[in-house]
Amino acid sequence: MSGTSLDGIDVAIIDITGSGFKAKVNVLASHSVPYPKKVREALLGMSNTAAQTGDISRLNFLLGELYAEAVEETAERGEIPVASIKLIGCHGQTIFHEGQGAQYLGKKVASTMQIGESSVISERLGIDVISNFRERDIAAGGKGAPLVPYLDYMLLRHRGRGRVALNIGGIANLSAIPPNTNAERLIAFDTGPGNMVIDQLVSRITLGRQTFDRDGGFASRGQFDQKLLAKLLRDKYFRAKPPKTAGREQFGAEFVSKLLDTELSTEDLIATATALTAESIALGIRNFVIPEMRVDEVFVSGGGAHNPALLAMLRKALNPIPVMMSSEVGLDVDAKEAVAFAVMAYETAHARPSNVPQATGAKRPVLLGKLTPNAAPANGKTPELVHNAGTRNGVTHNGNGVAHKVPVRKTSAVNQRTANNKTKAAAVR
Ligand SMILES: Nc1ncnc2c1ncn2[C@@H]1O[C@H](COP(=O)(O)OP(=O)(O)O)[C@@H](O)[C@H]1O
Ligand SMILES: [Mg+2]
């Protein structure tokens with residue numbers, strides 16, 4: 001997994017058994033590999049309109065190499081043979097996302113683009129790869145995001161407690177799961193900035209020497225400015241009703257310029273940006289979650305969980321709701337999203353949908369992702385790309401009621417190895 005912070009690559013290697021929401025996940029190893037500085041800069045350059053197609057093409061293949069290396073490194077650190085990994089789920093790096101759609105050449109077009117070439121990953125590691133998870137959800141009328149609620153529901157649903165899974169990455173997003181309910185009543189949306197505004201301020205003020213407020217150092221030495229905070233919180237994004245998604249379009253350079261245009265000290269400015277993250281999360285929970293369900297506890301994940309100044313402000317803003325780390329329910333804060341894509345890859349390999357239509361707005365549950373098979377075609381024939389779960393008489397059901405005629409072969413590249421229904425899957429995003 002590599003998210004909007006463009007900080008690096010998060011890898012998780014998991015063991016998974018069972019199916020659907022009843023699956024059991026065991027995280028065997030996880031590790032984050034930072035992007036080399038120049039790669040990060042090139043990726044930042046992709047979010048402006050002057051990006052060159054040649055650079056996009058090169059970065060796509062280069063990221064494929066870096067993702068393969070990150071899996072190798074994680075496997076080595078966890079003493080897990082790469083050959084024992086059966087499947088990789090690769091989210092890739094988003095370089096464009098317009099899930100809501102926009103008028104384009106006379107038509108309304110919604111689109112998304114993640115790069116990190118799956119053929120390179122599969123070729124280097126000799127493992128099947130499932131990538132490009134978001135496109136199918138968009139094709140089915142969804143916004144292509146958020147996808148992580150599938151894992152949140154799977155691991156956090158509780159009979160008696162209403163729970164919020166809060167991920168503070170570049171953007172902060174949450175899944176709220178009412179007690180004793182099915183996935184249809186889940187509430188999921190982006191609350192606004194996570195670390196994105198803080199990161200940009202630190203980068204701009206330190207002229208790139210630092211890219212984030214390590215351990216909340218600047219913020220804890222400063223005082224937030226009430227007036228500026230109130231002004232920033234008037235942004236229409238915070239008042240808009242969910243479903244809603246945010247990105248660099250809302251909280252990128254233009255938004256940050258509004259903060260730089262003040263007389264505040266560096267510490268006070270960064271404290272104010274940190275308060276903006278905490279307060280906008282609390283606002284999202286108060287305005288759009290609490291009216292719908294009881295909230296007994298909040299579990300935090302993502303890089304923001306390492307920022308004590310942010311957590312202190314969040315706890316104060318959400319008081320008396322307890323704010324805990326996702327690690328309390330067995331999910332390392334840095335690995336959660338990578339685990340989510342490993343699980344979704346596993347679901348796809350078993351022909352089971354893993355979008356949550358309630359979260360994305362899709363018209364129906366769909367199989368997410370595209371398979372890049374590693375296995376050489378048997379007898380020179382085209383390999384079958386879908387799986388035993390829905391295969392009857394040579395017709396493979398894609399789990400959505402749609403059937404494709406495919407060559408008769410008992411097992412596919414993926415399910416040959418997942419036949420015992422226990423799969424080791426890795427994910428890079
Ligand atoms: N020790 C830390 N102190 C403060 N912030 C941190 C720390 N470690 C990570 N972060 C923040 O977390 C961000 C990365 O979070 P991550 O969950 O990977 O986001 P994304 O999914 O957008 O890539 C960094 O850019 C940084 O702002
Ligand atoms: Mg990251």
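Can you tell me which residues in region 268-295 are of a type in the set (A, V, I, L, M, F, W, C) and closer than 17 Å to I198 by Cα? First the steps, then the outcome.
Initially, region 268-295 is screened for residues of a type in the set (A, V, I, L, M, F, W, C), giving 269-271, 273, 275-276, 278, 281-283, 285, 288-290, 293, 295.
The answer is L269, I270, A271, A273, A275, L276, A278, I281.
Is there a residue being within 14 Å of ligand 1 (Cβ to nearest atom), touching a Lys or Arg at 6+ places or on another chain (Cβ under 7 Å) and within 25 Å of P146 (Cβ to Cβ) anywhere in region 15-33? Give the steps one after another, and end with the answer.
Looking only at region 15-33, we keep the residues that are within 14 Å of ligand 1 (Cβ to nearest atom), and these are 30-33.
Next cut, touching a Lys or Arg at 6+ places or on another chain (Cβ under 7 Å) only: 31.
Remaining after also requiring within 25 Å of P146 (Cβ to Cβ): 31.
Yes, because at least one residue in region 15-33 is within 14 Å of ligand 1 (Cβ to nearest atom), touching a Lys or Arg at 6+ places or on another chain (Cβ under 7 Å) and within 25 Å of P146 (Cβ to Cβ).
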(message) Cβ-Cβ under 8 Å, sequence separation 6+ or interchain: first residue in region 41-52 and in contact (Cβ under 8 Å) with a residue 60 or more places away in the chain, partner assigned to a helix (DSSP H, G or I). Which pairs?
(response) S47/R248
(request) Answer yes or no as to whether P377 is modelled with pLDDT of 50 or more and within 23 Å of L151 (Cβ to Cβ). (result) no
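Per-residue answers, yes or no, for (1) assigned by TED's automatic domain parsing to the domain that holds S30; (2) away from ligand 1 (no atom under 16 Å from the Cβ); (3) closer than 13 Å to G194 by Cβ; (4) in contact (Cβ under 8 Å) with a residue 24 or more places away in the chain:
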{"site": "E297", "(1), (2), (3), (4)": "no, yes, no, yes"}
{"site": "S301", "(1), (2), (3), (4)": "no, no, yes, yes"}
{"site": "P308", "(1), (2), (3), (4)": "no, no, no, yes"}
{"site": "P322", "(1), (2), (3), (4)": "no, yes, no, yes"}
{"site": "M325", "(1), (2), (3), (4)": "no, no, no, yes"}
(request) Report whether or not R77 is more than 16 Å from ligand 1 (Cβ to nearest atom) and either without any contact (Cβ under 8 Å) to a residue 40 or more places away in the chain or within 24 Å of A172 (Cβ to Cβ) (or both). (result) no
(message) I need the full set of residues from region 296-321 which are assigned to a loop (DSSP other than H, G, I, E, B) and either within 16 Å of A172 (Cα to Cα) or within 23 Å of the chain's Cα centre (by Cα) (or both), in order please.
(response) G302, N307
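Out of the residues in region 1-32 meeting the condition of being β-branched (V, I, T), within 16 Å of ligand 2 (Cβ to nearest atom) and assigned to a strand (DSSP E or B), tell me which one is surrounded by the fewest Cβ atoms within 10 Å (Cβ to Cβ). Don't jump to the end; show me each part of the working.
In the first step, residues of region 1-32 are kept if they are β-branched (V, I, T); the result is 4, 9, 11, 13-14, 16-17, 25, 27.
Narrowing the set further to residues that are within 16 Å of ligand 2 (Cβ to nearest atom) leaves 4, 9, 11.
Filter once more, so that each one left must be assigned to a strand (DSSP E or B): 9, 11.
Numbers: I9: 27, V11: 31.
Looking at the filtered set, the residue picked out is I9.
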(request) Search region 329-342 for residues that are not assigned by TED's automatic domain parsing to the domain that holds V25 and more than 13 Å from ligand 2 (Cβ to nearest atom) and pair each with any residue that is among the basic types (K, R) and modelled with pLDDT under 95 when their beta-carbon atoms are under 9 Å apart and the residues are at least 6 apart or on different chains. (result) none
(message) For the list (1) assigned to a loop (DSSP other than H, G, I, E, B); (2) more than 8 Å from ligand 1 (Cβ to nearest atom), I need the number of the one condition that V197 fails.
(response) (1)
(request) Could you run through region 348-371 and say how many residues are part of a helix (DSSP H, G or I) and closer than 16 Å to P146 by Cβ? (result) 4
(request) Go through (1) within 14 Å of ligand 1 (Cβ to nearest atom); (2) part of a loop (DSSP other than H, G, I, E, B); (3) more than 24 Å from the chain's Cα centre (by Cα); (4) not charged (D, E, K, R) one by one and return the number of the condition F212 breaks. (result) (3)
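Assess whether G170 counts as being farther than 30 Å from A240 by Cβ and either within 16 Å of ligand 1 (Cβ to nearest atom) or touching a residue at least 12 places away in the same chain (Cβ under 8 Å) (or both).
Numbers: farther than 30 Å from A240 by Cβ: no; either within 16 Å of ligand 1 (Cβ to nearest atom) or touching a residue at least 12 places away in the same chain (Cβ under 8 Å) (or both): yes.
No.
The values are calculated or read from the model by the stated rules, or taken from the named source; none is laboratory data. Note that the coordinates shown come from a computational prediction; the quantities given were computed from them, not determined experimentally. Note that each Cβ is placed from the backbone with ideal geometry, even for glycine, and that neighbours are counted across all protein chains shown.
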